[in-house]
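Q: Next up is a structure, given as structure tokens.
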Amino acid sequence: MTTTTPPADPSRAYQEFVKGIWKENPAFVQVLGMCPTLAVTNSAINALAMGSATMVVLMCSSLLISLIGRFVPNQVRISTYVVVIATLVTVVDFTLQALAPAVHKELGAFLALIVVNCLILGRAEAFAAKNPPGLAVLDALGMGIGFTFALSCLGMLREVLGNGSLFGFDLFGPSFEPWVVMVLPPGGFLVLGVILLLFSVFGTRKAS
Amino acid sequence: MSDLVWIFISALVVNNFTLSYFLGLCPFFGVSGKLVTAFRLGIATTFVLLITSIATWTLNTFVLERFPYLRLLAFIVVIASAVQFVEMVIKKTSPALFAALGIFLPLITTNCAVLGLALFQTSRGYGFWQGIAFALGGGGGLTLALVLMASLREEARLSDVPAVVRGTAFNLLLAGILAMAFMGFAGLLST
């Protein structure tokens, strides 16, 4: 794709938007951005906050990188992207600290670690730099929603299993024996592993 | 002195970077196919961690006190330079290792463990030697996790695993079991 691409037709734009949500879901299919996927999904609220923060950074970075992409010399492009992303993450970090201090404290260092989320750099390099701003933002929005969706699924599953609650509300009452390991680190690996296993089972069944 | 030892042990096994903080998962799954390569990547990362820790301390003490909002940017630039340096050293001293590590060598820049170390070190207010102990423990723990995972995967390759499970799902489940084993160390610190 060159920079002379005419304004995208609606069907292409729709396609770029939808692919990130399910078919190329960043967390479940491409398995990108694992650190936040596993580290902050011990409760549904944390997962949702992390997903939204990543989505905001991803959309802004895709827009900016798509705008400046053609002016950046090839040798320094990765460093440029990283500096752009780091600036945006700083903005989001301080914004969240002002608006929702409790969530900010929960997420802690992992919010700043959005800088090194491979998903964001990956979209910048693979899509935003080569496509017009409109498509880049749509792509980022789709990927962001897909990522938030995946994180929320994991977060809800782990919170229900490990704590017997959802978004902080008790679900089962006192007779429920929580499966504590699910909110602890090993649970992250196990739940994502089982989900990927299901994907692979259904994938092979569909193929045969 | 004893607090240095505790920081080291804590980062090494109790709060293992990879298995309990989920830092540096990309190489953990990407390069753990072969034991030798995994071990060497662990050592290279540890070296980067050490440089980063010293640089972080220097920046925090002399520069960033007045510009806290530049912290992330400063850290990421320092880390990128450190990785570039290590890359040049490895390319000169061991071209074979350079080829084996491939894309994962420059990717140390985006290894969360490195930035994570800088951020944790800042938020916990570690001094110079504490930072060194933290970097060595963290790097050692990362190497330990990589080596264990690579050994497990080398073993698993010879065993009879159903085709549908092979791949990322299998590695994640392995990592989950490994992480559970590491939880056994949790009691070490509370005493």
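Q: Mind checking which residues of the stretch B:93-106 are surrounded by 19 or more Cβ atoms within 10 Å (Cβ to Cβ) and within 14 Å of chain A (Cβ to nearest Cβ)?
A: Filtering the stretch B:93-106 for residues surrounded by 19 or more Cβ atoms within 10 Å (Cβ to Cβ) gives B:101, B:105.
Answer for the stretch B:93-106, where residues must be surrounded by 19 or more Cβ atoms within 10 Å (Cβ to Cβ) and within 14 Å of chain A (Cβ to nearest Cβ): just B:105.
Q: Among (1) buried (at least 19 other Cβ atoms within 10 Å of the Cβ); (2) within 27 Å of residue B:175 (Cβ to Cβ), where does residue B:35 come up short?
A: Checking residue B:35 against (1) buried (at least 19 other Cβ atoms within 10 Å of the Cβ); (2) within 27 Å of residue B:175 (Cβ to Cβ), the one that fails is (1).
Q: So in the stretch A:35-51, with the set limited to residues that are open to solvent by less than 10 Å² (accessible area, probe 1.4 Å) and at pLDDT below 85, which one is nearest to the other protein chains (Cβ to nearest Cβ)?
A: For the stretch A:35-51, the residue satisfying everything is A:35.
Q: Hand me the list of helices (runs of 4 or more DSSP H) wholly inside the stretch A:52-169 holding 1 or more residues that are away from chain B (no Cβ under 12 Å). Show your work before the answer.
A: Details: elements: A:77-99, A:101-107, A:109-112, A:118-126, A:133-163.
Fully inside the stretch A:52-169 and qualifying: A:77-99, A:101-107, A:118-126, A:133-163.
Q: Would you confirm whether any residue within the stretch A:182-201 is on the phi > 0 side of the Ramachandran plot and not in a strand (DSSP E or B)?
A: Keep residues of the stretch A:182-201 that are on the phi > 0 side of the Ramachandran plot, which gives none.
The answer is no, given that none of the residues of the stretch A:182-201 is on the phi > 0 side of the Ramachandran plot and not in a strand (DSSP E or B).
Q: May I pose another question? Taking the stated definitions as given, is residue B:187 more than 8 Å from chain A (Cβ to nearest Cβ), open to solvent by 10 Å² or more (accessible area, probe 1.4 Å), farther than 30 Å from residue A:196 by Cα and in a helix (DSSP H, G or I)? Quick ask: steps written out before the conclusion?
A: Values: more than 8 Å from chain A (Cβ to nearest Cβ): yes; open to solvent by 10 Å² or more (accessible area, probe 1.4 Å): yes; farther than 30 Å from residue A:196 by Cα: yes; in a helix (DSSP H, G or I): yes.
Yes; evaluated as a whole, the condition is true for this residue.
Q: Within the stretch B:59-66, is there a residue that is open to solvent by 70 Å² or more (accessible area, probe 1.4 Å) and assigned to a helix (DSSP H, G or I)? Spell out the reasoning first.
A: Our first condition is that a residue be open to solvent by 70 Å² or more (accessible area, probe 1.4 Å); within the stretch B:59-66, this holds for B:62, B:65-66.
If we keep only those that are assigned to a helix (DSSP H, G or I) too, we end up with B:62.
Yes, there is a match, as at least one residue in the stretch B:59-66 is open to solvent by 70 Å² or more (accessible area, probe 1.4 Å) and assigned to a helix (DSSP H, G or I).
Results for (1) more than 9 Å from chain A (Cβ to nearest Cβ); (2) among the basic types (Lys, Arg), shown as yes or no for each residue.
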| site | (1), (2) |
| --- | --- |
| B:91 | yes, yes |
| B:136 | yes, no |
| B:156 | yes, no |
| B:166 | no, yes |
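Q: Go through the residues of the stretch B:113-125 one by one and say whether even a single one is in a helix (DSSP H, G or I), over 22 Å from residue B:80 (Cα atoms) and open to solvent by less than 20 Å² (accessible area, probe 1.4 Å).
A: Taking every residue of the stretch B:113-125 in turn, none turns out to be in a helix (DSSP H, G or I), over 22 Å from residue B:80 (Cα atoms) and open to solvent by less than 20 Å² (accessible area, probe 1.4 Å).
Q: Moving to a separate point now. Taking the stretch A:153-187 as the search range and keeping residues that are modelled with pLDDT under 90 and under 20 Å from the mean Cα position of the chain (by Cα), which one is most open to solvent (accessible area, probe 1.4 Å)?
A: Step by step, filter the stretch A:153-187, then rank; the result is A:167.
Q: Please state which of the following conditions residue B:70 fails to meet, knowing it meets all the rest: (1) surrounded by fewer than 24 Cβ atoms within 10 Å (Cβ to Cβ); (2) farther than 20 Å from residue B:131 by Cα; (3) in contact (Cβ under 8 Å) with a residue 24 or more places away in the chain; (4) not hydroxyl-bearing (Ser, Thr, Tyr).
A: Here residue B:70 clears every test but (3).
Q: In this structure, does residue B:144 turn out to be under 15 Å from residue B:21 (Cα atoms) and surrounded by fewer than 21 Cβ atoms within 10 Å (Cβ to Cβ)?
A: On the way: under 15 Å from residue B:21 (Cα atoms): yes; surrounded by fewer than 21 Cβ atoms within 10 Å (Cβ to Cβ): yes.
Spelling it out, residue B:144 is indeed under 15 Å from residue B:21 (Cα atoms) and surrounded by fewer than 21 Cβ atoms within 10 Å (Cβ to Cβ).
Q: Would it be correct to say that residue A:200 is open to solvent by less than 50 Å² (accessible area, probe 1.4 Å), without any contact (Cβ under 8 Å) to a residue 40 or more places away in the chain and either within 28 Å of residue B:171 (Cα to Cα) or more than 7 Å from chain B (Cβ to nearest Cβ) (or both)? Can you show your working first?
A: Working: open to solvent by less than 50 Å² (accessible area, probe 1.4 Å): yes; without any contact (Cβ under 8 Å) to a residue 40 or more places away in the chain: yes; either within 28 Å of residue B:171 (Cα to Cα) or more than 7 Å from chain B (Cβ to nearest Cβ) (or both): yes.
It is true that residue A:200 is open to solvent by less than 50 Å² (accessible area, probe 1.4 Å), without any contact (Cβ under 8 Å) to a residue 40 or more places away in the chain and either within 28 Å of residue B:171 (Cα to Cα) or more than 7 Å from chain B (Cβ to nearest Cβ) (or both).
Q: Condition first: in contact (Cβ under 8 Å) with a residue 40 or more places away in the chain, of a type in the set (Gly, Ala, Ser) and away from every other protein chain (no Cβ under 13 Å). Can you find one or more residues in the stretch B:10-28 that meet it?
A: Yes: one or more hits.
The values are calculated or read from the model by the stated rules, or taken from the named source; none is laboratory data. None of these values were measured; they are calculated from a predicted model. Cβ: placed from backbone, ideal geometry, glycine included. Neighbour counts: every protein chain shown. Accessible surface areas use protein heavy atoms only, side chains included; no ligands, DNA or RNA. Shrake-Rupley method; radii C 1.70, N 1.55, O 1.52, S 1.80 Å.
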